[in-house]
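A quick write-up on the structure given underneath.
The values are calculated or read from the model by the stated rules, or taken from the named source; none is laboratory data. All values reported here derive from a predicted model rather than from experimental measurement. With ideal geometry, Cβ positions are generated from the backbone for all residues, glycine too; neighbour counts draw on all protein chains shown. Heavy atoms of the whole protein, side chains included, go into the accessibility calculation; ligands, DNA and RNA do not. Shrake-Rupley method; radii C 1.70, N 1.55, O 1.52, S 1.80 Å.
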Amino acid sequence: MVKINVGGNFNSIKDVVKDLDGIRDRDIPYIAITAANNLAFDTKESIDQEITYRLNISKKKLLSPVRITKATKSNLFVKIFIDEWSWQHKVLKHHFFGGDRDRKGLEKAMMEFGHMSRNEILTPSPGVTIKPSTYVKIISQLKLVYKSGYSANETKRSRFRNRSRQNERYFVIPTYKRSHLHPGIYARMPDHDKPICILRISKQPKYKKRLTSFEDTVNKVQSRRSDIHLGEAIDRVMKQNKRMGWIE
């Protein structure tokens, strides 16, 4: 998390605008807040671009993990951060620190029921794109709901109804079971003679560090763009004052 202090800019802005006609003392806090907020969004865009470039990410939802808490009259700080409780942070974390990654919901359920160990992960088979609804079906059919308060496991009646509709049926090949099939989650499809591997059980990954602290990016954007945003904020205030007739 990085904070940009608005209050600390008041005196420096006074020095900049003291010889400018059309700027009042009461305008200075607004100028500082506006410049700081615009600088923060400029910084966010640079960080998002850096993440996209370094990780070659195509999913739009991952392209903007950075959040901003804007400065106001009562809060003279802009906060630039990645929410540590967000799913984007969990997905990106191993790119900061390297090594293994956090386990996802289905992986935790598979481990809970002994289908895979804690040093393994699930990975989609090449060319397979999995919809969120497919994960729900997998959890339901394989009875992988283990948390109290949930009742998504498939019942005998629903299992018979689903089979009668010729829907896909899922099954697991655990890591400890001998089989000609690779360990993973498979689907029997009505129009396929052989089962299709949906998710493979693989060894835990060892990610390289691809992302570092974004403070350097923040500092670079500030040194390169802060004067630009300050000038734009001053111009906006001067035009507003003239439009409202507060100055000649």
Using a 1.4 angstrom probe and counting only protein chains, how large is the accessible area of Thr72 in Å², to 10? 60
Give, in nm to one decimal, the length gained when the segment between Asn75 and Ile196 is fully stretched (0.36 nm per residue of separation minus the Cα-Cα distance). 38.0 nm
Count charges around Ser223 for me, please; just the other residues with Cβ under 15 Å from its Cβ, Lys/Arg as +1, Asp/Glu as -1. -1
Full-extension gain between Phe96 and Lys143, please, as 0.36 nm times their residue separation minus the C-alpha to C-alpha distance. 13.4 nm
Relative to a virtual label point 7 Å from the Cα of Glu50 in the Cα→beta-carbon direction, which members of segment 188-219 show backbone nitrogen distances below 19 Å? 208-219
Given the C-alpha atoms of segment 74-135, compute the convex hull and give its volume per residue in Å³. 166
At R0 = 22 Å the Cβ-Cβ FRET efficiency linking Phe171 and Gln204, nearest 0.05, sits at 0.40
So if R0 is 51 Å, what FRET efficiency would Lys131 and Asp216 give, r being the distance between their Cβ atoms, rounded to the nearest 0.05? 0.85
